[in-house]
Amino acid sequence: MPSQPTGLRRHLPNSPFNAAREAADAAIEPIPVGARVSHERHGLGRVVALDGDRAVIVDFGGGDRRRVALDSAKLEVL
């Protein structure tokens, strides 16, 4: 019987994929709280909070608050 995976991923220090991972991390620019944004599906909104360094909480009006990843292609800063 195979053992169950623990869910943790091991990143090898000499992996060629590290450069791509680091480049993707460096490309994400934070959006300041209060900035106006546009989302492809939800429309216009305003950033009301940061959720770590990879996502923001956006208020799209009418009590519709959503967590949106900063690397989402659907999110555009105005």
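Using 7 Å Cα-to-Cβ label points, what is the residue 28/residue 64 separation (nm, one decimal)?
A separation of 2.5 nm, rounded to one decimal place.
May I ask you to compute the full-extension gain from residue 49 to residue 18, defined as 0.36 nm times their residue separation minus their alpha-carbon distance, rounded to one decimal in nm?
8.2 nm
Normalized C-alpha radius of gyration of region 32-77, against 2.2 N^0.38 Å?
Numbers: Rg = 9.2 Å, N = 46, 2.2 N^0.38 = 9.4 Å.
Ratio of Cα Rg to 2.2 N^0.38 Å: 0.97.
Apply 1/(1 + (r/R0)^6) to the Cβ-Cβ distance of residue 10 and residue 39, taking R0 = 35 Å, and write down the FRET efficiency to the nearest 0.05. Spell out each step's value before the answer.
On the way: r = 35 Å, r/R0 = 1.00.
Efficiency at R0 = 35 Å is approximately 0.50.
A short reminder: the numbers here are calculations on the coordinates, not readings from a lab. Predicted, not measured: the structure shown is a model, and the values here were computed from it. No Cβ is skipped: glycine too gets one built from the backbone with ideal geometry, and neighbour counts run over all protein chains shown.
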